[in-house]
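> Have a look at this one before I ask anything.
Bear in mind that the values in this text are calculations on the coordinates, not laboratory data. What you are looking at is a predicted structure, and each value in this text was computed from that prediction instead of being measured. Heads up, the Cβs are rebuilt from the backbone with ideal geometry, glycines too, and the neighbour counts pull from every protein chain shown.
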């Protein structure tokens with residue numbers, strides 16, 4: 001961009017602006033300042049994102065382990081122990097409903 | 001930045017990345033300033049640019065592109081999205097994006113030089129006028145002009161960032177500069 005940047009000092013008139021003055025103004029003007037410790041802030045954000053990702057990955061890994069583990073004997077016992085009475089209750093309800101309709 | 005630093009950056013070297021931030025933060029803020037973004041939003045965009053660059057560092061192809069082109073491509077996309085969103089918000093509220101951060105200009109530059117108070121005032125007025133004139137340009141024109149006045153970027157790099165041929169960059173730049181000059185010289189502009 002060297003051909004575009006003419007480093008002449010030109011006074012900027014109030015009403016008319018020359019090409020050189022416009023170039024100078026556009027080249028030299030910086031509307032914003034770099035905030036203090038900007039690099040540190042960015043690096044801190046990057047570290048935070050990395051930590052967050054690691055935490056999420058850790059908890060996801062733990063969940064996956066629980067889901068993928070083979071069922072234990074007591075899990076089967078609990079399923080059968082809870083499942084049989086529940087099934088009996090449903091059957092009892094159906095029988096009583098049928099019984100009531102027959103009586104009526 | 002040399003190739004070795006860039007390679008170690010791609011491999012996750014945070015010191016190399018901090019050096020990259022140090023190298024490009026000033027031109028990036030200069031670009032975002034010429035895009036007429038206020039300080040706080042520019043800071044967010046600059047931060048997001050570097051975070052995205054870090055996250056995508058492994059996908060960056062050293063042979064295909066330069067690091068500056070890559071960074072400014074990210075920053076441009078974020079800045080255009082933000083300004084586009086702001087324009088839509090202000091359309092609803094009846095304000096213009098020209099007002100975005102305009103009040104910061106004089107105070108920011110009043111202490112920038114060792115010149116006399118009169119010179120400083122004149123300088124601040126010129127800069128405020130420039131900022132207002134920039135804000136009247138279309139977002140894509142503003143971006144092109146802002147990139148063109150960065151010492152870090154050649155025409156070819158600007159063309160790559162903007163996704164247009166080099167010839168188009170030159171012709172559009174000529175037209176935008178003319179448009180900007182007319183606005184700055186126009187009486188209606190100064191009266192406004």
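> Which three extents, in whole angstrom, do the alpha-carbon atoms of the stretch B:22-87 cover along their principal axes, largest first?
Largest to smallest, the principal-axis extents are 36, 23, 17 Å.
> By how many nm would the segment from residue B:60 to residue B:13 grow when fully extended, if each residue of separation counts as 0.36 nm and the alpha-carbon distance is taken off?
Numbers: separation 47, 0.36 × 47 = 16.92 nm, distance 1.46 nm.
Result: 15.5 nm gained on full extension.
> When N is the residue count of the stretch A:21-69, what does its C-alpha Rg come to as a fraction of 2.2 N^0.38 Å?
Against the empirical 2.2 N^0.38 Å value, I get 2.32 for the stretch A:21-69.
> Please give the FRET efficiency for residue A:19 paired with residue B:164, using the beta carbon to beta carbon distance and R0 = 35 Å, rounded to the nearest 0.05.
0.95
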